[in-house]
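Here's the structure we're looking at; comments come further down.
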Number of protein chains: 2
Amino acid sequence: MGSSMETVRFPAEVLLGTGARIFQAAGAPAETARVVASALVEANLKGHDSHGVLRIPQYLDRIRKGQIKPAAQPRIQGERGATALVSGEWGFGQLAGIAATDEAVRRAQEYGVSAVGVVRCNHLGRVGAYVEQAAAKDCAAMVWVGGLGTRPAVPHGGSRSALGTNPISAGFPVQGEHPVVLDYATTAIAVGKIMVARDAGKPLPPGVMIDKNGRPSTDPEVFYKEGALLPFGGHKGYSLSVIAELLGQALTGADRYQDAGTAEEVFRHAGALIVAIHAGAFRPAEEAKAVARRLVTRLRMVPPAQGVESVLTPGEPEARTMRQRTASGIELAGETWRSILAAAESVGVPPRDLPSPGDLPAE
Amino acid sequence: MGSSMETVRFPAEVLLGTGARIFQAAGAPAETARVVASALVEANLKGHDSHGVLRIPQYLDRIRKGQIKPAAQPRIQGERGATALVSGEWGFGQLAGIAATDEAVRRAQEYGVSAVGVVRCNHLGRVGAYVEQAAAKDCAAMVWVGGLGTRPAVPHGGSRSALGTNPISAGFPVQGEHPVVLDYATTAIAVGKIMVARDAGKPLPPGVMIDKNGRPSTDPEVFYKEGALLPFGGHKGYSLSVIAELLGQALTGADRYQDAGTAEEVFRHAGALIVAIHAGAFRPAEEAKAVARRLVTRLRMVPPAQGVESVLTPGEPEARTMRQRTASGIELAGETWRSILAAAESVGVPPRDLPSPGDLPAE
């Protein structure tokens, strides 16, 4: 590694093996451990580091507190026609999300469209992963997450928070390349970006946050003193957040679980709705995907605005980052790596059993 | 009316009767004429005047050009499981939208969820009307419109337009009151508001438009000289617009109709997808609607920001305007009324057969 531990770099498969080993030591069955580690590493590969392996210590902490049951398997709690309700049984959210998406795809193949609710599921991870999973099976899909409590999102026109970040995702398969994927919080900025700005000592852009008295602020510290985040796009983003709250919670029934006492507070009454639509519902799927291909080509051919390299399609930044990181590895802050080592040790995996970043050149 | 023709005011039922009479004289069956006029008047009642009776002369012009077939009835062109494809047969879009929503609700009641494509449909009118129609039958719903051509919306990071305004709508039924309804163009501003700003000689807000060279502009005139509109909320609104394009067009097959030569260009290859989800899919519908009621109450109780009267729920501005206009009538610009009179005369309905605004006090 040389003299600085500022950053370390690993190939994806090394981080995957490491994560799987740690989760297994923490009580997860081998297959579960591998699935969860893989989901985290994929988030890193796609550039969403806030949903990547830095979550390992957090997940272990939740296991220790009984909030995540590492051996729990999702089950279908109810089904009717083209719908199903999947319970994560308070296990890893990734397992619940993947199982629910499998179920949504299966029913979309049968009925043309499906809606699958997900409840009792903890942190679902990067929700874009589920629309990608559906796209790989020729399905358009969307995910609406709601019920994450009353922090940190302010309703449009308000001076105090009343909603969670309520992420949404939507995607569509494209012939011969990565799908179109939208995946974001309905707040103007993600909480992860506030952490980054604080650590860098930089102000936030204007128009994204208010302080506890409802006044606009750009100071990242203010967020941690009862500050709150404005919705993206004013009333338009706010409305999406409300729909996510309703579809993710009121529709699925995530509000009513009485066994939620052990889960982390933010997830106790959270839920998600996954809607899948088979690309072949109205015409041959290959035709729909070919038209999607023509659209992404048309968008990329638009001359970029001054200072912009090129017009990107939704999901393209992630696809580009994935190509680059698959080739050259995933870079982690030294602090992140040390916290993973400590987490590993806490479940009996000594550092000598884990890879050393010294084995690889840091760029 | 007094000396000024600046505005006139009519009760909704008078405008409805007028509109129905005109459409019938233009070749629409009595029932069709009433349905279309009713949809336009309802848009006025809800404050969406750009989708109201000012469209009557435009629709008549389209009938004259053979773009709208006034006697055409929508038909189910295909069906499979929980999906159906409705063709408007190049009749009034409102008929197609209402029929498709009926179909979506029926299938959502049977399968829990449904997806209905709408093609060959001309102007669908106010798309929020369809999620309201579904909400009245205890269904959450969403509408995605795509394929409206390559004007006026700029992809995020671009310097030229490549998409239509691609409106979207979503809604959820609420116990004991109007549903939550989101209904907007995915551009930062609606074209109708540019017309209003131009007529008033006022600049547009910054950040909504670029000129033909890709430079930011606030001059409404610039829009009519190959100007283009930015998406709302940067890449987030842009991504929604791309999803609407894919679901409304690539999925439904709206791009492939060869009989579209007579339709107005913007609608030739446009389509929409309506997704309906029964509120009782995962729990009793009344429970879901009661939780929705608790959410809207929670949102309204949030202390408003400075200068804001109160926090509103999505759809509440429309519900308020509807109450007010149902009581006190719909106000139209004198110019709008004169153009309706002229349109009426063009299909053989003389002004003396239409109501006179002089019968009513103008406020």
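The values are calculated or read from the model by the stated rules, or taken from the named source; none is laboratory data. Computed from a predicted model, the values in this text were never measured in an experiment. Cβ sites come from the backbone with ideal geometry, for glycine too, and all protein chains shown count toward neighbours. The area values use the complete protein model at the heavy-atom level, side chains included, leaving out ligands, DNA and RNA. Shrake-Rupley method; radii C 1.70, N 1.55, O 1.52, S 1.80 Å.
Remark: the B:Ser310-B:Ser50 segment gains 91.0 nm on full extension, using 0.36 nm per residue and subtracting the alpha carbon distance. Cross-link partners for B:Lys69 among the aspartates and glutamates, with Cα-Cα distance under 14 Å and sequence neighbours closer than 8 places in the same chain left out: B:Asp61, B:Glu89, B:Asp259, B:Glu264. Rounded to the nearest 20, the Cβ-based charge dipole of the protein assembly as shown about its Cα centre (Lys and Arg +1, Asp and Glu -1) stands at 40 debye. Inter-label distance, A:Thr218 to A:Arg323: 3.5 nm, where each label sits 7 Å from its Cα along the C-beta direction.
Here is how the number arises for the protein assembly as shown: DSSP H runs of 4 or more residues each give -39500 (n - 2.57), the sum is divided by the residue count, and the result at 222 nm is -11500 deg cm²/dmol.
With point charges of +1 on the Cβ of Lys and Arg and -1 on the Cβ of Asp and Glu, referenced to the Cα centre of region A:213-315, which listed residue (A:His278, A:Leu295, A:Phe267) lies farthest in the positive direction of the dipole? Working it through, the farthest residue towards the positive pole turns out to be A:Leu295. For the residue pairs A:Lys65/A:Lys212; B:Lys212/B:Lys236; A:Lys212/A:Lys236, the alpha carbons lie more than 28 Å apart in A:Lys65/A:Lys212. Of the trypsin sites (Lys or Arg not before Pro) in region A:24-66, the ones in a loop by DSSP (not H, G, I, E or B) with at most 15 other beta carbons within 10 Å are A:Lys65.
Got a number for carbon plus sulfur as a percent of the protein assembly as shown's accessible area, 1.4 Å probe? Accessible surface attributable to carbon and sulfur in the protein assembly as shown totals 53 percent. With a Förster radius of 45 Å applied to the C-beta separation of A:Val266 and B:Arg352, the computed FRET efficiency comes to 0.10. Charges were assigned to the Cβ only: +1 to each Lys and Arg, -1 to each Asp and Glu. The resulting dipole of region B:1-60 about its Cα centre is roughly 60 debye. Answer rounded, prolate or oblate for the protein assembly as shown, using the Cα gyration tensor with square roots of eigenvalues a ≥ b ≥ c: rounded when a/c is under 1.5, else prolate when a/b is larger than b/c, else oblate. Taking the square roots of the gyration eigenvalues as a ≥ b ≥ c, the protein assembly as shown is prolate. Give the chain A residue with the shortest beta-carbon distance to the rotation axis relating chain A to chain B, plus that distance as a whole number of Å. Checking which Cβ lies nearest the axis yields A:Gly233, 1. In a reduced charge model with +1 at each Lys and Arg Cβ and -1 at each Asp and Glu Cβ, chain A shows a dipole moment near 520 debye about its Cα centre.
Checking every one of the trypsin sites (Lys or Arg not before Pro) in region B:195-299 against DSSP loop status and a limit of 13 other Cβ atoms within 10 Å picks out B:Lys225.
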